[in-house]
Amino acid sequence: MRSLDMAPTLIPFHSKPQPSFNKNFDLLIRHLHEMKAAGYETYICSENPKQFDRLSAIFKELKANLPAGDAKTGVQFLPVEIPIHEGFIDEDLKIEVLTDHQIFQRYHQYKVRQGFTRDQALNVRVLRELSPGDFVTHIDHGIAKFAGLQTIEIGGQKQEAVRLNFKNNDIVYVSIHSLHKISKYLGKEGETPQLAKLGSDAWKQLKARTKKKIKDIAAELIKLYASRRAAKGHAFPPDDVLQTELEASFIYEDTPDQYKSINDVKADMEREYPMDRLICGDVGFGKTEVAIRAAFKAVTDGKQVAVLVPTTILALQHWRTFTERLVDFPVTVDYINRFRTAKEKKAILEKLKIGQIDIVIGTHALLSKDVVFKDLGLLVVDEEQKFGVASKEKLRSMKVNVDTLTLTATPIPRTLQFSLMAARDLSVIRTPPPNRQPIHTEIRVFDEDLIAEVIHTELNRGGQVYFVHNRVNDLSAIVETIKRLCPDAEVAFAHGQMDSDHLEKVLVDFIDRKFDVLACTNIIETGLDIPNANTIIINRADMFGLSDLHQLRGRVGRSNQKAYCYLFAPPMSVLTAEARKRLKTIEEFTDLGSGFQVAMRDLDIRGAGNLLGGEQSGFIADIGFETYQKILDEAIQELKETDFKDLFQEEIAQKGSYVRDVTIETDVEMLIPSEYVTNTQERLNLYTELNNVDSEEGIAAYSKRMEDRFGRLPKPVNALFDGLRLQWLCKKIGFERLILKSGKLRCYFLSDPQSSFYATEHFQKFMTFIHKHGRVMGVSLKQTNKELILVQDDVRSMKAVKGLLEQLVAALG
């Protein structure tokens with residue numbers, strides 16, 4: 001047995017921490033040269049592979065003549081896609097390990113577990129809500145009642161279909177490959193829609209009327225877009241070393257949506273014509289960072305930037321954010337609002353005129369005649385919808401040849417996204433930043449003990465509290481109540497009827513943490529960004545609209561602290577059905593980025609009404625939101641391909657497919673057998689999930705999930721996958737419908753003879769190929785009054801059909 005009092009063995013480690021380069025890349029390059037000469041191997045660790053590209057770009061720009069290492073980057077370091085907390089040099093092993101966050105002087109974040117994406121979570125939720133008896137809209141037939149899944153026999157083979165009941169008890173079975181044609185009917189609340197009558201033209205006429213109205217308005221929007229495209233703007237150069245350094249120094253990791261939005265904006269800025277892009281994202285999702293990077297790109301090319309905001313408080317907040325973010329760079333940022341003295345304003349205007357200020361932030365005062373820029377290159381507009389008509393007119397005159405970036409936190413009605421896309425480029429940021437947590441939301445009855453507990457808990461963790469009470473006349477009584485319950489808390493109050501200077505002083509003091517609790521009306525609904533305020537109590541929440549509640553709740557949870565929202569309302573039993581539904585919705589949708597879903601109903605109805613006139617709201621009520629959205633999309637696409645095809649030439653050329661939906665009719669047994677997945681609702685969810693799969697990787701992931709949950713896949717499920725593959729192939733060729741029954745194959749081309757598809761090189765190639773090889777392949781073309789059909793008889797299996805279509809796709813290149 002070894003003695004316990006043995007002398008401890010000393011194991012020497014000859015290591016040093018990572019040197020500090022203070023973002024001096026010449027110093028870093030020299031260091032890499034020296035380490036290479038000393039026989040060291042250098043590794044750079046980063047969780048984000050984009051950082052390696054940024055480093056390579058910086059080295060390239062600084063003409064780092066390092067010995068050729070990695071052929072792609074020309075830089076002698078080994079990238080390691082693993083995050084470590086701190087870099088080090090090991091003198092024994094002759095290796096040095098550097099971290100990107102220390103090179104760029106960023107904080108190091110720990111990885112958070114990824115949950116569902118917002119879209120995945122929502123799709124599953126909406127589907128689970130679809131139960132027998134619900135109203136649905138079928139894009140081709142109209143409104144029906146959903147009657148669940150039903151097994152049917154086609155040519156002696158079993159298949160599952162969704163059963164829809166129409167007027168006079170008429171029934172339509174919808175193939176599980178066409179589930180995208182059905183959407184849950186969401187119209188005006190409390191109104192029961194009329195079921196559509198099969199065989200009548202009423203539904204077609206309603207769709208045609210809606211489409212015509214949309215086209216009239218959309219054509220106007222596209223004309224505006226065309227005139228902007230024709231205008232000459234300033235084409236900014238590609239990113240330089242400073243831009244790369246700024247982006248790499250962002251202390252958070254870009255979310256995928258943010259990264260895409262930033263790239264879209266920069267690509268727009270590098271084009272010849274003026275940019276007009278709308279960035280739409282939920283509260284606190286990083287739109288300001290997009291604006292900062294765009295502004296910096298403009299400044300590095302010698303241009304000035306104007307940032308227009310709706311409130312003086314927001315001007316101050318943006319000024320702080322921009323200044324902190326650009327502190328290490330040679331950029332001058334200033335702001336104009338009512339807090340500045342006349343002398344200060346005069347000095348700022350003078351500096352703007354001679355180009356000594358690069359970025360100016362201000363309210364509509366920036367639009368006055370006194371403001372003259374030396375060389376304005378970018379205009380950033382925050383919350384454009386908050387500006388009055390007169391301000392918007394002035395804005396239009398400013399925007400003629402200047403790149404414009406508009407930011408909005410209001411969830412854009414989804415029905416408008418498509419029409420906006422034709423008139424203005426749109427980027428949507430849906431993903432929350434890492435480490436952001438959902439806001440804990442509770443519905444409670446007014447309770448003084450709870451108020452005291454909630455406020456004390458928040459103050460004990462160093463935070464601040466909002467107490468929203470939307471009646472000015474008894475707001476002072478609420479303040480007294482809070483002071484009585486929490487005598488140690490500093491309480492302030494704010495409402496819209498106060499003198500504006502006083503109101504802004506209170507808000508600024510709250511931002512500066514001079515107060516612990518702010519009792520206020522809903523004036524805080526937009527624009528206040530106080531990461532330290534993480535609890536909000538909303539009194540009489542039943543009196544607020546859905547989108548108001550969502551915006552108010554968005555005032556908290558703007559840092560990585562857990563945030564709390566308490567909705568005070570009378571007992572549920574005494575509330576109206578609508579108020580109950582509103583509160584339940586806001587409590588249920590605590591997911592980050594749920595603004596798009598929360599306000600879907602009232603925003604969609606209101607938004608479409610605003611854009612397309614009052615009668616359009618009636619159309620939405622008749623056909624439901626989702627279907628309305630599909631018709632909008634169709635109308636815009638048709639306009640792009642017909643009346644405005646010259647303008648959208650590039651987009652049409654890039655467009656891979658002219659076919660939106662492919663219908664598959666077959667007598668092959670393709671379904672998820674009930675003995676394999678017994679729960680009907682679960683099968684419907686699985687069918688819908690499969691309907692959204694669009695790649696082989698997606699099929700592989702889907703089948704793996706099914707095997708994990710239910711065991712080995714039966715044959716009919718694999719046949720389902722083959723059906724999906726046929727749909728993809730049909731889209732590539734230009735078939736809208738494929739029928740495979742009794743060994744006979746019929747593939748139908750687009751039913752619209754006016755489609756620009758028939759004038760494409762793709763279609764000409766197809767015709768030439770069939771003319772040459774059709775007989776050998778056993779296929780022929782048949783022309784009826786309305787349709788062009790590819791025909792093949794004596795087809796043995798779906799595999800043979802897949803082989804034929806693959807051959808056609810390959811021939812078309």
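The values are calculated or read from the model by the stated rules, or taken from the named source; none is laboratory data. For clarity, every value in this text was computed on a predicted model and none was experimentally measured. Note that we place each Cβ from the backbone using ideal geometry, even for glycine, and neighbour counts take in every protein chain shown. Just the protein is used for accessible areas: all its heavy atoms, side chains included, with ligands, DNA and RNA removed. Shrake-Rupley method; radii C 1.70, N 1.55, O 1.52, S 1.80 Å.
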Considering amide H positions built from the backbone, and no H for Pro or chain starts, which residues 5 or more places from Q464, or on another chain, come under 5 Å of its amide H? A533, N534, T535
Distance-filtered residues of the range 701-722 - backbone nitrogen under 13 Å, label point 7 angstrom along N679 Cα→Cβ: 709-710
Taking 0.36 nm per residue of separation and subtracting the Cα-Cα distance, what length does fully extending R271 through S797 add? 184.3 nm
Working out 0.36 nm times the residue gap between E448 and E634, then minus their Cα-Cα distance, what length gain in nm do you get to one decimal? 61.5 nm
State, to one decimal in nm, how far the label point of K260 lies from the label point of S131, with both points 7 Å from Cα in the Cβ direction. 3.4
Run the accessible area of the range 240-287 with a 1.4 Å probe and give the carbon-and-sulfur part as a rounded percent. 54
Could you grab the relative contact order for the range 260-380? Cα pairs under 8 Å, six or more apart, rounded to a whole percent. 31
Diffing the range 23-39: the Karplus 3J(HN,Hα) column from phi (6.51, -1.76, 1.60, θ = phi - 60°), in whole Hz with x for Gly and Pro, holds 6, 8, 6, 5, 4, 4, 5, 4, 4, 5, 4, 4, 5, 5, 5, 7, x
For the range 131-184, what Kirkwood radius comes out of the mean inverse Cα-Cα distance, in Å? 11.3
Quick calc: nm separation of the 7 Å Cα→Cβ label points for S227 and K772 -> 4.9
Accessible area expressed per residue, the range 672-813, with surrounding protein chains retained (probe 1.4 Å, Å²): 55
So, over other residues within a Cβ distance under 12 Å of K158, counting Lys, Arg +1 and Asp, Glu -1, the net charge is -4
Gain in length, R712 to Q783, computed as 0.36 nm per residue apart minus the alpha-carbon separation, to one decimal in nm? 21.1 nm
Output ordering of 167-176, 8-17, 372-381 (per-residue mean of other Cβ within 10 Å, highest first) is 372-381, 167-176, 8-17
Considering only protein heavy atoms and a 1.4 Å probe, what is the carbon-and-sulfur percentage of the accessible area of the range 676-721? 48
Rounded to the nearest 10 Å², what accessible area does Y185 have for a 1.4 Å probe in the complete protein model? 30
Compute the FRET efficiency between K394 and D646 as 1/(1 + (r/R0)^6), taking r as their Cβ-Cβ distance and R0 = 30 Å, and round to the nearest 0.05. 0.40
Show the residues, 5+ positions off or on another chain, whose built amide H is closer than 5 Å to the amide H of E41. I95, E96
Cut-off 17 Å (backbone N to label point 7 Å along Cα→Cβ of A700), residues of the range 718-749: 721-722, 725
Return the sequence-ordered ³J(HN,Hα) values of the range 140-153 in whole Hz as given by the Karplus equation 6.51 cos²θ - 1.76 cosθ + 1.60 applied to θ = phi - 60°, using x for Gly and Pro. 9, 10, x, 7, 9, 9, 6, 10, x, 8, 9, 7, 10, 10
Once label points are set 7 Å from the Cα along Cα→Cβ at both T9 and F250, what is their separation, rounded to one decimal in nm? 5.0
Amide H of E665: which non-local residues (sequence gap of 5 or more, or other chain) have their own amide H closer than 5 Å, using H built in the peptide plane? L738, I739, L740
Using a 1.4 angstrom probe on heavy atoms only, work out the carbon and sulfur share of the accessible area of the range 426-568 in %. 47
